[in-house]
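Quick notes on the structure that follows.
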Amino acid sequence: MLMFLDIKYAIRQLFKSPRFTAMTLFVLIGGLSISLFTFSFLYSTVYKPLSLPNGDSIKAVTILKNGNFDMLTANDFTQMKDELNTLAEFGIYQESTTRVSIEDSGKSYSSARVREGFFKFAGVEPILGRTINAEDTVVGANPVALISEEIWQSDYRGNNEIIGSTIILDGVVTEIVGVMPAEYRFPNTARLWTTLSDDVLKPEGNNSAWHRSYARVKSGVTITQAEQEMTQVLRQIHQENVKLYQIEPSDLQVKLMTFQMAQTGGEGSIVFSFLNAVALMILLLACINVGNLLLARTLDKQKETAIRSALGANSVRLVSQLMWEGVLIALLGGFLSVLLVAAALDYTNMALQSWIPSGGSFWWRYGMDGATLGMAVVFTLVTILLSSFLPAWRSANQDINTTLRDGTRGAQSKKAGRLSRLLVTTQVFLVAILMLIGSISAYIAHSFINIELGDDYSHVMSARFQIPTDKYPSEKQQLNLTQELIQQVKQHPSVVDVVTNNWAGTRKLYLDNKEYLRDTEVPTADVIQTIGPLATVGVNLTIGRNFNVRDTQQTRKVALISESMAKRYWPNESAIDKSFTLELGEEKHKMSVVGVVSNRMNPSTMFGKIDAADEIYISGQQFIASYQVFFYRVLPGTENADEVFYRAMFNTDRSIELTYQVQPAEQNRNKMRESMALLSNITFITGFFALLLALVGIYGLTANAVAQRTHEVGIRRAIGATDLSITLMFLKQGGKQLVIGLGLALLCFALMAMGFHQFTEQLFPVMSYYVLAISVALGLSIIVMIAIFMPTKRAIQMEPSVALRYE
Amino acid sequence: MSALITLENISKSFLTEDIETRALQQVSLTISQGEYLSLTGQSGCGKSTLLSLLGLLDSPTKGQYWLAGQDVSTLSRNERAAIRCKKIGFVFQSFNLISDLTVSENVMLPLTYQSGVTSSYIKDKVAEVLAKVEMSHRANHYPSQLSGGQQQRVAVARALVNTPDIILADEPTGNLDSKNAEAVMSLFDQLHQDGATICMVTHDPKSAKRAQRSLEMFDGQLVGDVKNTESNFTPKAVGV
C-alpha cells in the first residue's frame, strides 16, 4: 500500500514536469542504447556461442607462429591427431568458392571441403539424405556434395527427389547426397559442402597445404590443458621438420578459440574491450547526468524530506520514496532502449545482408537475445544505483535540523559543491576523451576512404585462381595454361585488356656498386609478378617499355619499377638499363630495368603514402606462379562480365581452382570503404551524442550548483558584487574543472596519439595531432563555457532581495 | 544634521501569477546622518521591503529615493551594486556569511568588489574591523566553526569594512539568544556612539527602544515616527 502510494506520487511528479521527464529519458535512452547496442553487436561478433548444438564447445584451432596467426598443414594434422589425448573431436576443412553450372551460365557459392566427422562435430543432421562419410573421401571415390536448403529451394524448387541427382561443381559432375537445413552455414558462409579427399593427408614433405581446423575438448579437460598438449605435440613435429627440411625454427603455439574470435585474427578481444570501454563511458556520462538531474530534484525536495523525517520516516522509507521517480525513469528508459536496440540490430542485419552478397558469417545474426536482455537488466540496475539510489540516499541522510532551520552553516552545500565540481571534471574528461578518439577515428577513416591508390579499377573485373599443380607440375605447363586463359578472356569482344598481378611479397634488393654492412641497411620493395599491360589496372608506363613475348626464362631478367624507386635510387639520371639484384626466396636474381611505371599504393602498407615504398614488377613469363590474381577491363555497360572469365576457364580447364569468386575489382575496396565510412559515421554520432550529453550534463550540473548558490549570489550582490564579477566567478570556477578534465584527457590523448601514429604508419604529420587536440580543446571549452554561462546568467537576473530569500 | 536619505512617495508592488501585492504604498521618509532608527511592525507589513529599497537591493515601483544627495531610484543594477559596496553595510538576521570563505575572507568581500583598493589596505581594514567586533582571534575560521553570536559579529564587521554611510540591519538579533543579542545590540550602540547611521528592522520592543527614533509600519505604510526618550546615546561624529 505504502509502495503504491509512493509510486503514485512519483508518477504524479513526473507528469507534473514533462520537460524534466523528457530530458532525463532522452539522456538515459541515449546512453543505455549506445552501450547496449555496442555490447550486443560485439558479443554476437566475437563471443556468443555458435547457434549449433553444444555451440559453446565448438573451437577453432589457430596457430601462433612467432606471434602471427597461422594455420595447420594437413601434415601437422595427420601427425597430431593420434598423439592428442585431450580432444574429443579434431578435424580439418578448407573454405572455397564453388561454381555451380546451370546450362551456359552458373552461380558461385561459398563452399567448404570437409571430411567425415565434420557434420557430427556441428551436431546438425541433413533434412534430406546423408552427410559425408569415410568412403566419400577415399581417393578416386565418386564426387559427392551436400547443398544448403536455400539452394535446394531456389535452384531445385524444394524437389524431394533431388538426392542422387547430379550437379556440376567447378566443372565436375557431382552427386547430391544431402540437403542441410535452412540457416546452416557452418563453418562460416558455406552453401555447399564437398569432400576433402584423403589425398591431402598424404605426406608431401614440407609443402603440405594449409587447412583450417576445428576441435572439441574432452569432458573434464580445460581449454588451457588442451592448448598446452597441442602446443607440445606441434612443437615436436616442428622440431623434426626443422631437422628434416632445413627450415628456420619458429616459435609455435596452439590456441583454441571461438570461430568468431579466430575470424577477427584474435584481436577481437582488444577491439571488444576498447569499444565496450567507449560505450561504458557514454553510459557513465548518461548516469552522471541523469543522477545529477535527479539529485537536483531531490535537493528541491530537501525541505519536504526533512519534514517527513521529522515526522518519523526512517532512512529506508525516505530512500525508497525518493528513489521511485528515478527508478520509474530508469525502468522506462531501459524498456525503450531495449526496443530501440532491437530495431537497430534488425536494421544492422538487413544492412549486412544487402552489403555482403553471401550474407556474411552465419553467426553475424544480430538481434535481441538473452545475453543482451540480461545486460539491459544489469545496465538498468547500475543506472538505478548510480542515478537514483545514491542521490536519494544522500538526500535522506541530510541534517534535518539544518534544513528545517533555514540553514546557514553550509556544511552540506560545501560537500555538494565538491561533488558537483568532481562531476563536472569527470564529464569534461570523459567527453574530451570520446571527442578526441572520435575525431581521430573519423580522421583516419576519412583519410582511408580518400587515400590515393594510384590505380584505376573502373570496369575492371578480378578473379583469383590456383593452377592444379598435380595436373600441371612444370612451370612451363603452368605458364601455358595462364596464357591460354588470357587469350580466351581476350577473345571476348567486351574485353579491352588483361593483366595478371601476383604479389610476391616485400623483398630485398641490392643495388650495384653499393655495399651493405648490416642486413637492416638492405632496401626492400614490393614485388609483383605480372603478365600483360599494367595499364589494364591504371598503372601507366612513363619511360621505357612493357614486358613482351621475348622476355622469357632464357633471356635476361627484366623489371619495371615505380617512379618512386627510380627517383630514390637514380635521382638525376634515367633508370632504364640500370640493374640491381633481387632476392626471391633463397635465390638472388640480377634484374635489368626496362621501364618505369606510375606509383601505386603498396599492398604491404595500409596507410602509407603512395610514394613511401617502391614497387618492382617482374615478368610472369620469367618468374612463374601457380597462384594468379587475374584482372580484365571490359567495355562500359558490359553485362554479366563475370561470365567472361567463367566461360574462358571452362574452355581452358574446368579444374582450375577459383580461390575467390569473379567480381568487380572495386567491390572489395568499396566494401572496405563503406565499412570505414560506417565506422566513421558511428564514431561521429557517438562523439556528437557525447558532446550533447556533456552540454546537457554540464548545464544541469552548473544550473544545480548555481541554484544551490543563489543565496550566496544574493549575499555577494547585496555587498556590491556586479553581474560581471558574479559571472566571472562562476566561469573561473568552471574553468578550473575544464582545465583539470581537459588536461587529463590531453595527457591520455598524447599516449593514444603515439599509438595511432605507429598504427597509421606515420601517415599523418605529428602537427595534425596537435591541430586535432587544439580544435577539440577549443570546441569543448566553448561548449563548457556556454553551459556554465547560461544558468549563471539566469541566476544573476534575480534581484538580490529575492535571492537572499531564496531557499 | 543633514539628510542622508530622503524617500518621496515610494511604492513597491510585486506581481505573482497575475496577483499584484502592494508591499509599500506612498512611503516618505528622511534619515539624517548619524541617526539610529528602528523600524517595527507586524510580519508582512513591508519592513524588509523598505529595508531592501533603502539598501538598493531592489528598486521602487514608484517614487524617488535620494541617497547622500544622489537620486538612486532609477539606477541600473550595476550602478546600484557600486553604491552598495561603497556606501551601505548590511547585517542580516540569518548572518548570510558565505560558508566556503573564512571569517577574514567574508569580511573583505565588499572591498574586493571596489576598484583601486590595495591588498594592504584590505588587510589592515579587515584587521581593524575584526578587532572592533572582537573577532580577530577567529579570522581564519569558517562560519560553521562559529557560534551564532560570533557569526553575527563577523557580519557586523563585514558591514563596517567599507566605511558605509549607513548600516542596514534586518532583525540582527532574531536568530540569537538573549546573551548574544545583548552583545550585538551593545555593538550597535557603540557604533552609533562612534557616529554611524543605523537603520534596524526589529520585532523586539526592547531593541527598538535603544534607537533614537522608532518608525512603525502597517500594511505598507509608515504609521508612526517617534523619538525615543530612553535612548541615551548621541553620536560623537558623523560617519563610522
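Throughout, read-outs are computed from the coordinates displayed, never taken from laboratory work. Just so you know, these numbers come straight off a predicted model, no measurement behind them. Cβ: placed from backbone, ideal geometry, glycine included. Neighbour counts: every protein chain shown.
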Inset, instruction - Take every DSSP beta bridge whose two residues both sit in chain B, then give the antiparallel share in percent to the nearest 5. - result: 60
Inset, instruction - Can you tell me the relative contact order of segment A:523-639? Whole percent, Cα pairs under 8 Å, sequence separation 6 or more. - result: 39
Inset, instruction - Could you pull out the pairs from A:65/A:590; A:471/A:590; B:47/B:86; A:514/A:588 whose alpha carbons sit more than 27 Å apart here? - result: A:65/A:590; A:471/A:590
Legend entry - Nonlocal amide H pairs with residue B:92, under 5 Å, H built at 1.01 Å: B:170
Inset, instruction - Sorted from largest down, give the three principal axis spans of the alpha carbons of segment A:734-784, whole angstrom values. - result: 39, 16, 12
Inset, instruction - Before rounding to the nearest 500, sum -39500 (n - 2.57) across all DSSP H runs of length at least 4 in chain B and divide by the residue total; then give [θ] at 222 nm in deg cm²/dmol. - result: -9500 deg cm²/dmol
Inset, instruction - Please give the average number of partner chain Cβ atoms lying within 10 Å of the Cβ of each residue in B:89-100, rounded to a whole number. - result: 5
Legend entry - segment A:55-257 pair-distance distribution - Cα-Cα, 5 Å bins, rounded %: 1, 7, 15, 18, 17, 14, 11, 8, 5, 3, 1, 0
Inset, instruction - Determine which lysines satisfy two conditions relative to residue A:8: a Cα distance under 26 Å, and not lying fewer than 8 residues away in the same chain. - result: A:16, A:301, A:303
Inset, instruction - Compute from the Cα atoms of segment B:66-132 the Rg and the Dmax, the latter being the longest Cα-Cα distance, and quote both in angstrom. - result: 13.7, 38
Legend entry - FRET E, pair residue A:301, residue A:794, Förster distance 22 Å, beta-carbon r, rounded to 0.05: 0.55
Legend entry - Within chain A, helix-based [θ] at 222 nm, where runs of 4 or more DSSP H residues each add -39,500 (n - 2.57), nearest 500: -17000 deg cm²/dmol
Inset, instruction - Determine which residues of segment A:435-457 fall in the zone a paramagnetic label at residue A:775 would reach in this model, i.e. backbone nitrogen under 14 Å from the point 7 Å along Cα→Cβ. - result: A:435-448
Inset, instruction - Give the value in nm², to one decimal: projected area of the alpha carbon convex hull of the protein assembly as shown, averaged over all directions. - result: 59.0
Inset, instruction - Could you give the size of the charge dipole of the protein assembly as shown about its Cα centre, using +1 on the Cβ of each K and R and -1 on the Cβ of each D and E, expressed in debye and rounded to the nearest 20? - result: 3700
Legend entry - Given charges at beta-carbon only (K, R positive; D, E negative), |dipole| of segment A:460-664 in Debye: 260
Legend entry - Under 16 Å from the residue A:95 label point (7 Å along Cα→beta-carbon), backbone N, segment A:166-194: A:184-194
Legend entry - Mean projection area, nm², convex hull over Cα of chain B: 13.2
Inset, instruction - Mind ranking A:638-650, A:742-754, A:699-711 by how tightly packed they are, going by the mean number of other C-beta atoms within 10 angstrom, highest first? - result: A:699-711, A:638-650, A:742-754
Legend entry - Partner chain coverage, peptide B:77-86 - average Cβ within 10 angstrom: 5
Inset, instruction - List the lysines whose Cα lies under 21 Å from the Cα of residue A:793, skipping any in the same chain that are fewer than 8 positions away. - result: A:732, A:736
Legend entry - Largest-first ellipsoid semi-axes for segment A:13-153, taking √(5λ) over the Cα gyration tensor eigenvalues, angstrom: 46, 24, 16
Inset, instruction - Compute the label zone of residue A:232 within segment A:61-89: residues whose backbone N is under 13 Å from the point 7 Å along Cα-to-Cβ. - result: A:83-87
Inset, instruction - Rank-order A:502-508, A:182-188 by packing density, defined as the average count of other C-beta atoms within 10 Å over each peptide's residues, highest first. - result: A:182-188, A:502-508
Inset, instruction - Quick one: grab Rg to one decimal and Dmax as a whole number for segment A:460-664, Cα atoms only, in Å. - result: 17.5, 57
Legend entry - Selection from A:254, A:73, A:214 lying farthest towards where the dipole of segment A:55-257 points positive, charges on Cβ: A:254
Legend entry - Per residue, the convex hull volume that the Cα atoms of segment B:18-73 enclose (Å³): 97
Inset, instruction - Just need the relative contact order of chain A here, percent rounded to a whole number, with Cα pairs under 8 Å and 6+ apart. - result: 15
